[in-house]
Amino acid sequence: MMRRKLVAGNWKMHGLKADLGEVRAIAAAVPAEVDAALCVPFTLIAGAADAAGALPIGAQDVHQSDKGAHTGCISAAMLVEAGALLTIVGHSERRADQHETDAQVKAKAEAAQKAGLRVILCIGETLEERDAGLAEQVVTGQVAASLPDGASADWLALAYEPVWAIGTGRTPTEADVAAMHGAIRAKLRELIGDEAERVQILYGGSVNGSNAVALLGCEDVDGALVGGASLTAEKFVPIIEAAASLSR
Ligand code: PEP
């Protein structure tokens, strides 16, 4: 099955209004063959959505509740009102720093979908888990435990992000990427049947303009989630173009 490639940027805790020029430059450079998106800090969503034209702007997290006593948290409806069209959930930095569990990630994805947001759900093993030969078991376990009820490619994409590859300049071999994406797809098939063929599975972890064609060209890789290299058009656009070149 031919799935469209999706290249999503994750600005993490970077970006002020002064950076909206980068959003405009990225938005202007997305070819028709690929989908792209930028997930920015909460404070920049409204400004980025204004600046981005047709480029979807997203958040990097969402709370699982509609409203309530959750100081410092943001609901899905708030994201929608600010102009977000999607959100990341379960990023490894949140799983590690905020101790988010698979059950919370699942609930966040379901809350986001209920409010009309698309979701990029992140999974990935640590270096210790890979070295112990547990990578596939850990990652497919995360898929099983955090996949939202009613999961559909209409609103859900997964992002396989080995924790040890995020922001380190290290990447798995192409064979390892293909093997893990195949294992994720097989787990999805078990869980949601034929719908699994339509779900985009992105790779994330130190993707840049030089390695994008190789990583995005791997079997079962349907795009990329990009951190550091998504902060400027100069670095991000070549990755988007690499995805487009594989789709022509
Ligand atoms: C990320 O934060 O999701 C990510 C993949 O970061 P980087 O591209 O910087 O490794």
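The values are calculated or read from the model by the stated rules, or taken from the named source; none is laboratory data. For clarity, every value in this text was computed on a predicted model and none was experimentally measured. Glycine gets a Cβ as well: all are built from the backbone with ideal geometry, and neighbour counts include every protein chain shown. All accessible areas refer to the heavy atoms of the entire protein, side chains included, with ligands and DNA or RNA removed. Shrake-Rupley method; radii C 1.70, N 1.55, O 1.52, S 1.80 Å.
Listed by position, the helices (runs of 4 or more DSSP H) contained in the range 137-248 that have at least 3 residues being more than 16 Å from the ligand (Cβ to nearest atom) and closer than 26 Å to Val23 by Cα are 233-245. Confirm whether Asp176 is under 25 Å from Gly9 (Cα atoms) and either surrounded by 17 or more Cβ atoms within 10 Å (Cβ to Cβ) or of a type in the set (D, E, K, R) (or both). Taking the combined requirement at face value, the residue satisfies it.
Scanning the range 87-116 for residues that are under 26 Å from Gly47 (Cβ atoms) and touching a residue at least 60 places away in the same chain (Cβ under 8 Å) gives Ile88, His91, Glu93.
Of the conditions (1) outside any helix (DSSP H, G or I); (2) open to solvent by 10 Å² or more (accessible area, probe 1.4 Å); (3) over 20 Å from Pro56 (Cβ atoms), Glu125 satisfies every one except a single condition; which number is it? Condition (2) is where Glu125 drops out. Pairs needed: first member in the range 178-193, under 12 Å from Ala151 (Cβ atoms); second member anywhere, among the β-branched types (Val, Ile, Thr) and open to solvent by less than 30 Å² (accessible area, probe 1.4 Å); C-beta distance under 7 Å; at least 6 residues apart or different chains. If the second residue must be among the β-branched types (Val, Ile, Thr) and open to solvent by less than 30 Å² (accessible area, probe 1.4 Å), the pairs left are Lys187/Thr140; Lys187/Val143; Leu188/Val143; Leu188/Val199.
The residue of the range 84-94 that is nearest to the ligand (Cβ to nearest atom), among those that are of a type outside the set (Gly, Ala, Ser) and in contact with a Cys (Cβ under 8 Å, 6 or more places away or on another chain), is His91. Out of the range 111-122, which residues are in a helix (DSSP H, G or I) and buried (at least 18 other Cβ atoms within 10 Å of the Cβ)? Scanning the range 111-122 gives Ala111, Ala112, Gln113. Only residues that are assigned to a loop (DSSP other than H, G, I, E, B) and open to solvent by less than 70 Å² (accessible area, probe 1.4 Å) were counted across the range 90-104, and they come to 4.
Keeping to the range 150-199, report how many residues are among the charged types (D, E, K, R) and in contact with a Phe, Trp or Tyr (Cβ under 9 Å, 6 or more places away or on another chain). The total comes to 2. Taking first residues from the range 30-49 that are under 21 Å from Arg3 (Cα atoms) and partners that are polar (S, T, N, Q), the Cβ contacts under 7 Å between residues at least 6 apart in sequence or on separate chains come to Glu33/Ser247; Val34/Ser247; Leu38/Ser230.
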